[in-house]
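One structure, as structure tokens, below. Some questions next.
Please treat every number below as a calculation from the coordinates, not as lab data. No experiment lies behind these values; they were computed from the predicted model shown. Please note: Cβ atoms are built from the backbone with ideal geometry, for glycine as well, and neighbour counts cover all protein chains shown.
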Amino acid sequence: MLRSGRALSPLAQPTLAVFSAFDMPSSDSVIDRPLAAAAGPLAGTPILEMRGIRKTFPGVVALDNVDLTVRAGQIHAIVGENGAGKSTLMKVLSGVYPHGSYDGEIRFEGEVRRFAGIHDSEACGVIIIHQELALVPLLSIAENIFLGNEPQRWGVIDWAEATRRTRELLAKVGLKESPAALITNLGVGKQQLVEIAKALAKRVRLLILDEPTASLNEHDSNALLDLLLEFKAQGIACILISHKLNEIARVADAITVLRDGASVQWLDCTAGAVSEDQIIRAMVGRELADRYPARARLAPEAGETVFELREWHVAHPVHADRDVVKGVSMKVKRGEIVGIAGLMGAGRTELAMSVFGRAYGRRIRGEVRMHGQPVDVSTIRKAIVHGIAYVTEDRKGLGLLLEDDIRHNITLANLEAVSSGGVIDGGAEFAAAADYKRKLNIRCSDVMQATVNLSGGNQQKVVLGKWLFSNPELLILDEPTRGIDVGAKFEIYSIMAALADEGKSILMISSEMPELLGMCDRIYVMNEGRFVGEFAAAEASQEKIMRAIVRQGLA
Amino acid sequence: MTTMEDKMTPQIAEAPVRSYGGFLKNNLREYGMLLSLVAIMAFFQVMTDGTLLKPLNLTNLILQNSYIVIMALGMLLVIVAGHIDLSVGSVSGFVGALAAVLMVNYEWNFAGASLLCLGVGAVIGGVQGWFVAYLKIPSFIVTLAGMLVFKGLALVLLQGQSVGPFPDQFQLLSSGFIPDMFNGETLRISSLALGAIVAAALFGLKLRERAGHVKHSMEEEPAAFFLGKNIAFAAAIVWFCWMLASYKGLPDVLVVMFALMLVYDFVTRRTTVGRRIYALGGNAKAARLSGIKTERLALLTFVNMGALAALAGLVFAARLNTATPKAGLGFELDVIAACFIGGASASGGVGKVLGAVIGAFVMGVMNNGMSILGIGIDYQQVIKGIVLLAAVCVDVYNKNK
């Protein structure tokens, strides 16, 4: 296994404290290493030390000699591309992979630990909150928080006590909800807070959060990060796994970079700011000249209008009296990338899905035009025929047949193209899929591989391939880079740029403002079901977009 | 799309690893069930001192299992689509009763009555499917209700009596054999010839399919393996027909069953409708967002199931030459078991027609073999239950590995 720490060291800038993995204090030195001499980043007792962790699966080395040191009261970020070994490392730490199934040593609070299961690690105060939340939707907040851990008196659950303690915990995490509220009625951001409250209900010494803000909007993300800082002040150490480098830059005290299953770099943030570029360099092991591909922006007035929406209204599918989209009008031109910015719940996904064959909502009013002509998009089939494609934000839930192979996924929305008289031409189908594998650079052994085994970025490329195969004129991309790593993001951006150059129109919904600013020709701002602003690329900025949202909120 | 490629970072493609051992390992699961069937047959062949594979017994094996196989074809589609149909036994019993009442009591022509019965089966399936697909009522509940309703309606139709016998032509559906034009005394030549033709035709089709795959450089099994497998398969068909030809020839119902099997195998593997059913069962929401009319498709699988249950009901009634109130009792369990033994997934999206057929014959051979051995019906059920559980456990274990 290549230890790239040395290769990278020339990149380290003198003003920043950058240590290669080789410079880390070696493990055999001691229990309770003398720390007095250590300054800054080394201050504080290590609460967790993982040394030389090696974990193999049949045919694959998932982790090779990984070291990780987290100090008491630190927020320690772990970054790395998808597949770099972050989740595996956390599973080793939390006992999901029990002692004996890996090599190396885990020391927690000074003692060597041999966790046989998640119960052992939780008993020591190591609590992990997974990316996919583990809450029971139809139980209340209090029931979820004390699930399996209910306060009881003579074997009977003491609900008064549970409710009282839930109130305390909710106050701690800053969530204003009744303990009796059902999880299913809460937004994702609030559910995340409930998960944290649940962790606090146990004795937590080290909190591990796996991509906690992946599905949160900016406001909720900030609130969550503030909460982590508060925990830090209370002495709770924290491991934060995230793809969002700006968040890491904001809260982390130290960063461990994983690449290809090895810890390649350890960055100290207390000595001075660590730049995002620097982290990215360590993650991908190469210089990323630009995070967005260069493309000539379309002039605001140029080009033929391909897609037009007029006075579009959509009511909520259950509460029909509530309008989710309120009179939206918009245009997308040939070769244009148009963004829709907005907070979670602004109605962006609902807008897109309602246009795409009424896949969302009811009592839909308004007009859709393609090339100036009104078209009927009342079913998904018709929308596809009229050249509209919608790439979902939820690729696992709504985009892919996970158990099926790449080939079948790519042709699914346009089977007619590879069949005649209802009979599929297997050869043509294979050729079509292989073509997209090559064009989109889908990393797989062959197109007969099941999509469930692909990384997030490659799954996203399969979904993109599926919709490109339907040969759309308007491609609606809903959070196209959610949960995928930096390298794959760049590839997705490159594909988008190339498609726009070919004359496709792209409508991109994103909660990441930098990517909207980096990619779009024009940006609409949506809030509470309405468009509240429109900016050309040249004049747009994060501040202006936020101001448009906030101003409308005040009005 | 050349511009797109230019902008992408180049990536070294990994060459797929090919080897005989690797190929065998990857495909063992696929052939595992077939090998199990062969093993079970060999076991009973030895235990019954060669009775199992005697021409007479082979013929019986076909006749006894034909209606289960026919229903398994439809059930496979229902299960792949992510549903279940518990009503098939009752529906087949009800349709058998309807046929008897029409043909015996009202003296309808056998052809007209049979067609009407198939239509009634399709309508029954359609009504149940409508509740499942459009009203989103779980299929387990809808068809559980259907099971009770049609069990009761069969009793109503027959007024608690057995009705029979059927007209002679109708009986031929289950007791007829394809006519022999060569007047073979000990060997029915036309049956053997038909078997040889089918074997050759299937072999030819496989060759053509392989040529197509090679042309598109799709991952392909080693040539020796391909030839060995398909020659063995063709030889098995010829041998099987030889055995049957030395008794009374190929049963009519075998021809029907085999034709249906080929049709459904083709539909599931090669047609857009088949592909969409797998997509529906694999991820209904993703299928819908891909422009697939998921409700209509689910309805269709139930209509198809109803029609096949009706056909099975007719075959069973013709075989008994009478419609009894107990006809069809418990068939649904054998049919569902056949699909799961054959590798279908209870959560939908996975399953093969040939698997379901093999599953049906695994159950059938065990029934037959244990009966010859004189094992009581009590222990037969215990053993069948254990085999079902074991087969699915092995399948799940293989998938997780």
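Calculate, in whole percent, how much of the Cα-Cα pair population of region A:186-330 lies beyond 18 Å.
When all Cα pairs of region A:186-330 are counted, 71 percent exceed 18 Å.
Let me ask another. Looking at chain A, identify the longest residue range that excludes and avoids all GluC sites (Glu not before Pro) in DSSP loops having at most 13 other Cβ atoms within 10 Å.
Working: sites that count: A:E132, A:E287, A:E301, A:E304, A:E502.
The reported range is A:305-501.
How well do other chains shield peptide B:278-286, expressed as the mean number of their Cβ atoms within 10 Å of each residue Cβ?
That works out to 6 on average.
Roughly what angle does helix A:456-469 make with the longest principal axis of chain A, taking Cα atoms, 0 to 90 degrees, to the nearest 10?
Roughly 10 degrees between the two axes.
Average partner chain C-beta neighbours within 10 Å, per residue of A:464-473?
Average per residue, whole number: 1.
Beyond 47 Å, what share of the Cα-Cα pairs of the protein assembly as shown is found? Please give it as a whole percent. Before the final figure, lay out each step's value.
On the way: 177614 of 456490 pairs.
Tail of the P(r) past 47 Å holds 39 percent of the pairs.
Please give, to one decimal in nm, the separation of the simple spin-label points placed at B:R296 and B:A346, each 7 Å out from Cα toward the Cβ.
In this crude label model, B:R296 to B:A346 measures out at 3.3 nm.
Okay, moving on. How far is it, in nm, from the label point at B:H216 to the one at A:T184 when both lie 7 Å from their Cα along the line to the Cβ?
4.3 nm
Quote to one decimal, in nm, the extra length available between A:V136 and A:H219 on full extension: 0.36 nm per residue of separation minus the C-alpha distance between them.
Values: separation 83, 0.36 × 83 = 29.88 nm, distance 2.49 nm.
Between A:V136 and A:H219, full extension yields an extra 27.4 nm.
Springs between alpha-carbon pairs under 10 angstrom, Gaussian network model over chain B: which of B:L77, B:L289, B:L254 fluctuates most?
Judging by the Gaussian network model, the answer is B:L289.
Further question on the same structure: Over all directions, the average projected area of the alpha-carbon convex hull for region B:97-255 comes to how many nm²?
15.3 nm²
Treating only the Cβ atoms of Lys and Arg (+1) and Asp and Glu (-1) as charged, compute the dipole magnitude of the protein assembly as shown about its Cα centre; round to the nearest 20 debye.
Values: 91 positive and 90 negative charges, 147 e Å.
So the dipole magnitude of the protein assembly as shown works out to roughly 700 debye.
Expressed as an acute angle from 0 to 90° and rounded to the nearest 10, what is the orientation of the C-alpha long axis of helix B:331-341 relative to the principal long axis of chain B?
20 degrees
Mind giving me the nanometre distance, one decimal, between the label points for B:Q64 and A:D435, set 7 Å out from Cα along Cα→Cβ?
5.4 nm
Using a ≥ b ≥ c from the Cα gyration tensor of chain A (square roots of the eigenvalues), is it rounded, prolate or oblate, where a/c under 1.5 gives rounded and otherwise the larger of a/b and b/c decides, a/b for prolate?
Values: a/c = 1.75, a/b = 1.44, b/c = 1.21.
Note, shape of chain A comes out prolate.
A further question on this structure: Just flag the trypsin sites (Lys or Arg not before Pro) in region A:321-410 sitting in loop per DSSP whose Cβ has no more than 16 other Cβ atoms within 10 Å.
In loop regions of region A:321-410 (DSSP not H, G, I, E or B), the sparsely surrounded trypsin sites (Lys or Arg not before Pro) are A:R322.
If you don't mind, another one. With springs only between Cα atoms under 10 Å, which of B:A200, B:A211, B:A236 fluctuates most in a Gaussian network model of chain B?
Ranking B:A200, B:A211, B:A236 by mean-square fluctuation puts B:A211 first.
Once the mean 1/r over all distinct Cα pairs of region A:133-215 is inverted, what Kirkwood radius in angstroms do you read off?
So the Kirkwood estimate lands at 13.0 Å.
Same structure again: What is the magnitude of the charge dipole of chain A about its Cα centre, with +1 placed on the Cβ of each Lys and Arg, -1 on the Cβ of each Asp and Glu, and no other charges, expressed in debye to the nearest 20? All intermediate terms of the calculation are to be shown ahead of the outcome.
Working: 63 positive and 69 negative charges, 95 e Å.
The calculation lands at about 460 debye.
Starting from the Cα-Cα distance between B:L144 and B:K285, subtract it from 0.36 nm times their residue separation and give me the gain in nm to one decimal.
Working: separation 141, 0.36 × 141 = 50.76 nm, distance 2.55 nm.
Working it through step by step, the gained length comes to 48.2 nm.
Let me know the Rg and Dmax you get for region A:388-460 when you use only its Cα atoms, in Å.
12.1, 36
Could you give the dipole magnitude of chain B about its Cα centre, charging the beta-carbon of Lys and Arg +1 and that of Asp and Glu -1, in debye to the nearest 20?
Computed charge dipole of chain B: roughly 820 debye.
Helix B:110-133: angle to the longest alpha-carbon principal axis of chain B, degrees 0 to 90, nearest 10?
Orientation of helix B:110-133: about 50 degrees from the principal axis.
Sequence gap at least 6, Cα distance under 8 Å: using those rules, report the relative contact order of region A:304-351 to the nearest whole percent.
Relative contact order, region A:304-351: 37 percent.
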